[in-house]
Amino acid sequence: MLATTQQTVGIVIAVLLSVGWVVYLIANYRRARPEVGSEIELAPNRKPYLDDEELEGRKLEQAQLLGLVSLAVIAIALPLYWLAEPGRQASAERGFEERAINEGARLFATTEAGGFDCAGCHGGMAATGGVAPYVLTDPDGSLRQVDWAAPRLDTTLLIFSEDEVRDILVYGRPFSPMPAWGLEGGGPMNEQMIDNLIAYMASITISPEEYIAENEERYGTDGAELFDAFCARCHTTGWSYGEPDEPGSGGFGPRLLGGRIEQQFVDEEDMVDFLTEGTEFGQQYGRFGMGSGRMPGFGQVLSEAQIEAIVDYVRGL
């Protein structure tokens with residue numbers, strides 16, 4: 001609103017200045033005398049001008065008054081501009097963010113609506129989870145189509161950073177229905193389009209408090225249920241398409257069976273911190289682990305008691 005008001009004032013001032021210059025030019029043209037053929041009579045430096053009394057009287061007072069008026073305008077206008085500038089900047093940022101969200105929503109929409117069909121897999125514009133068709137290659141080389149459980153995206157930014165989400169969008173998820181969308185990964189979207197998608201995802205992200213309360217009511221502190229809901233997608237073979245193998249058998253994430261967790265995390269508290277914070281690319285975790293940027297942190301998703309329940313369950317596998 002402030003930016004619009006300032007634009008209106010600027011337009012009015014510009015119009016008044018333009019009209020003033022036109023009036024000045026017309027008046028100056030009408031005052032001009034026709035040429036009489038004598039350089040002596042026409043040359044400004046040869047014509048008689050006002051005497052000292054008039055120059056130092058009325059003309060000087062007019063010049064001083066004009067200077068005083070100009071000073072007053074500057075003294076008032078600059079503080080007013082300074083007071084309005086933070087609001088103008090905030091309004092510009094809101095406008096940029098709103099445009100990014102709207103464009104991200106357009107990209108996220110289904111193919112029928114002119115988008116890239118993110119909504120078609122991830123549960124509509126609210127992105128609360130959906131199903132994506134996927135052609136699976138079995139160990140014997142045969143192909144078959146399965147229904148792949150696409151994750152909900154209204155909580156993605158609670159477990160991943162924007163940079164991690166950007167990496168997933170650009171390069172996709174190999175061996176899953178999630179394709180590479182960024183130009184660097186071979187997809188159709190440039191950097192601005194990816195940023196717009198992330199802006200839209202941020203706009204639909206629910207609050208951590210709301211999600212933690214939802215998970216506490218739904219799962220309590222049952223370690224097996226919590227693992228199945230939040231860990232099995234990556235750490236249990238076949239979970240994503242409804243054919244789960246033994247819990248912790250591995251997949252996108254490492255295999256958790258056979259005492260590997262106790263070897264990696266000798267101290268149980270280190271594992272609790274790991275699940276709470278996640279890991280960044282190249283960051284060491286546990287004794288021998290090196291982060292790939294794909295392990296999320298669940299501190300804004302689960303309560304401390306729930307994370308401890310998952311740790312107890314996994315260490316008992």
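The values are calculated or read from the model by the stated rules, or taken from the named source; none is laboratory data. Here the structure is a predicted model, which is why all the values come from computation and not from measurement. Neighbour counts run over all protein chains shown; Cβ positions are idealised from the backbone, glycine included.
Going through 212, 261 one at a time, which residue ends up being hydrophobic (A, V, I, L, M, F, W, C), modelled with pLDDT of 95 or more and crowded, with 17+ Cβ neighbours inside 10 Å?
None of the others qualify; the one that does is 212.
Going residue by residue through the range 102-111, is there one that turns out to be without any contact (Cβ under 8 Å) to a residue 40 or more places away in the chain, outside the structural domain of residue 177 (by TED's automatic domain parsing) and among the β-branched types (Val, Ile, Thr)?
Yes: the range 102-111 contains one or more residues that are without any contact (Cβ under 8 Å) to a residue 40 or more places away in the chain, outside the structural domain of residue 177 (by TED's automatic domain parsing) and among the β-branched types (Val, Ile, Thr).
Test each condition in (1) within 19 Å of residue 308 (Cα to Cα); (2) surrounded by fewer than 15 Cβ atoms within 10 Å (Cβ to Cβ); (3) touching a helix residue (DSSP H, G or I) at 6+ places or on another chain (Cβ under 6 Å) for residue 232 and report the one that comes out false.
(2)
Exactly one of (1) touching a Gly at 6+ places or on another chain (Cβ under 9 Å); (2) surrounded by fewer than 17 Cβ atoms within 10 Å (Cβ to Cβ) is unmet by residue 130. Its number?
The failed condition is (2).
Assuming residue 163 fulfils every condition listed in (1) modelled with pLDDT of 95 or more; (2) in a helix (DSSP H, G or I); (3) surrounded by fewer than 16 Cβ atoms within 10 Å (Cβ to Cβ) apart from one, which condition is it?
Against the list (1) modelled with pLDDT of 95 or more; (2) in a helix (DSSP H, G or I); (3) surrounded by fewer than 16 Cβ atoms within 10 Å (Cβ to Cβ), residue 163 comes up short only on (1).
Residue 281 versus (1) of a type in the set (A, V, I, L, M, F, W, C); (2) more than 30 Å from residue 138 (Cα to Cα); (3) modelled with pLDDT of 90 or more: which is the lone unmet condition?
In the conditions (1) of a type in the set (A, V, I, L, M, F, W, C); (2) more than 30 Å from residue 138 (Cα to Cα); (3) modelled with pLDDT of 90 or more, residue 281 misses (3) alone.
Suppose the filter is under 25 Å from the mean Cα position of the chain (by Cα) and surrounded by fewer than 19 Cβ atoms within 10 Å (Cβ to Cβ); does residue 141 pass it?
no
Out of all the residues in the range 270-317, which are part of a loop (DSSP other than H, G, I, E, B), at negative phi and more than 31 Å from the chain's Cα centre (by Cα)?
287, 288, 316, 317, listed by residue number.
Starting from the range 123-145, take each residue that is among the basic types (Lys, Arg) and list its partners that are in a strand (DSSP E or B), counting only C-beta distances under 8 angstrom and pairs at least six apart or across chains.
As it stands, the answer is 144/135; 144/136, since those pairs meet every condition given.
For the list (1) more than 15 Å from residue 153 (Cα to Cα); (2) assigned to a helix (DSSP H, G or I), I need the number of the one condition that residue 133 fails.
Just one mismatch for residue 133, condition (2).
With respect to residue 140, is the statement that it is modelled with pLDDT under 95, in contact with a Gly (Cβ under 9 Å, 6 or more places away or on another chain) and either in the same structural domain as residue 275 (by TED's automatic domain parsing) or charged (D, E, K, R) (or both) true?
In short, no.
Any chance the range 92-113 includes a residue that's among the aromatic types (Phe, Trp, Tyr), exposed (fewer than 12 other Cβ atoms within 10 Å of the Cβ) and modelled with pLDDT of 85 or more?
Looking for residues that are among the aromatic types (Phe, Trp, Tyr), exposed (fewer than 12 other Cβ atoms within 10 Å of the Cβ) and modelled with pLDDT of 85 or more, one finds at least one in the range 92-113, hence yes.
Out of (1) under 31 Å from the mean Cα position of the chain (by Cα); (2) surrounded by fewer than 16 Cβ atoms within 10 Å (Cβ to Cβ), the odd one out for residue 189 is which?
(2)
So which pairs qualify, if the first residue must be in the range 155-177 and over 24 Å from residue 145 (Cβ atoms), the second must be crowded, with 20+ Cβ neighbours inside 10 Å and polar (S, T, N, Q), the Cβ gap must be under 9 Å, and the two must be at least 6 apart or on different chains?
Pairs that qualify, where the first residue is over 24 Å from residue 145 (Cβ atoms) and the partner is crowded, with 20+ Cβ neighbours inside 10 Å and polar (S, T, N, Q), are 165/156.
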